[in-house]
Amino acid sequence: MSAIQLSSPIVSTEWLAENIHHPDLVVLDASWFLPNTPRYAVQEWKEKRIPNAQYFDFDKKIADPESELPHMLPSEALFSQSVEELGISASSVVIVYDSQGIFSAPRVWWMFRAMGHQQVAVLDGGLPAWEAKGYELQSGEPAPIDKGTFSATLLPEWVIDADTLNSKLEAPQTQVFDARPAARFYGTQPEPRQGVRSGHMPGAKSLPFGQLLEDGHFLPVEQLTQRFDALSDVDEQHIFSCGSGVTACILALAAEMAGRKKLTVYDGSWTEWGSKLKYPVV
């Protein structure tokens, strides 16, 4: 069987259906729900998933266990060990989806890119689109899988910490984008987490993630390009933030589709920035 190569950071349900039995392909369910949402992603994965999909838990398992912040990027060693247990090797083509269409899957796409793995893409439309096309679904306990061989190498340009970001707020050729709803960006709606200030970073631009989606799919590339062209130059460094580092990755993925090359996610996002008084808030 010939090798498969990804030509885009997203794939269609038709592409996945054609390639789902390829030995190099690994499918991951990255579903995650906001705190206080009465849904349980692991249970839903066991009840209904794309065939042979493994569950990728970036919230509890594949996250920095030492951080007080939610689902922070883990060490290279923890990431490598975790994805090996999911059957992923350096040669694997990884396709990530979630059960809301496009919500949490881009977070896992970004994690793999930050850890040096290029062959990763998100299923456009996610599980709802797969199910709507009538493709096969699987349920019950997953079958055992062979362990992979993976060695992560963190690419520092993909991630930024709060202190470094604070030093770059007025830097030329740098633009911060905030994926939260506009009301939270402008401080007219309180933050859902206790002790977190309202508002936004000086110089940041509001780009709510929902403006890049329609019916659980990304907008066409031409429209995504128009959205970013209206807010930034293509050669600028694009830094993405949100509430806790999940929907910022939707912006990062859309920006790559729109031809942007310098993409960075602020992992701590507003949960960190808004709770620490040393960082400026507008």
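Here, each number is a calculation from the coordinates, and none is a lab measurement. All figures in this text were calculated on a predicted structure; none of them were measured in a lab. Reconstructed Cβ throughout: ideal geometry from the backbone, glycine too, with neighbour counts over all protein chains shown.
Observations on the model:
- Extension gain, Ser2 back to His217 (0.36 nm per residue minus Cα-Cα distance, nm): 74.5 nm
- Cβ crowding within 10 Å ranks Arg184, Arg39 as Arg39, Arg184, fewest other Cβ atoms first.
- Shape index of the chain: Rg/Rh, with Rg the Cα radius of gyration and Rh the Kirkwood radius from the inverse mean 1/r over Cα pairs, equals 0.95.
- In segment 104-174, trypsin sites (Lys or Arg not before Pro) in a DSSP loop with at most 14 other beta-carbon atoms within 10 Å: Lys133, Lys147
- Mean residue ellipticity at 222 nm, helices only, the chain: -7000 deg cm²/dmol; runs of at least 4 DSSP H residues each add -39,500 (n - 2.57), and the sum is divided by the number of residues.
- Net charge, Asp267 excluded, C-beta distance under 12 Å - Lys, Arg +1, Asp, Glu -1: -2
- Restricting segment 104-194 to GluC sites (Glu not before Pro) in coil, as DSSP defines it, with at most 10 other Cβ within 10 Å: Glu136, Glu170
- Rounded to whole Hz, the Karplus (6.51, -1.76, 1.60) HN-Hα couplings of segment 136-148, x for glycine and proline: 4, 10, 10, 9, x, 5, x, 6, x, 10, 7, 6, x
- For segment 10-154, the Kirkwood radius over C-alpha pairs fed into Stokes-Einstein at 37 °C and 0.692 mPa s yields D = 215 µm² per second.
- Take the Cβ atoms of Glu14 and Thr37, set R0 to 30 Å, and the FRET efficiency comes out at 0.50.
- A DSSP coil position with no more than 12 other Cβ atoms inside 10 Å describes the following GluC sites (Glu not before Pro) in segment 1-66: Glu66.
- Between the helical axis of 248-257 and the longest alpha-carbon principal axis of the chain there is an angle of about 70 degrees.
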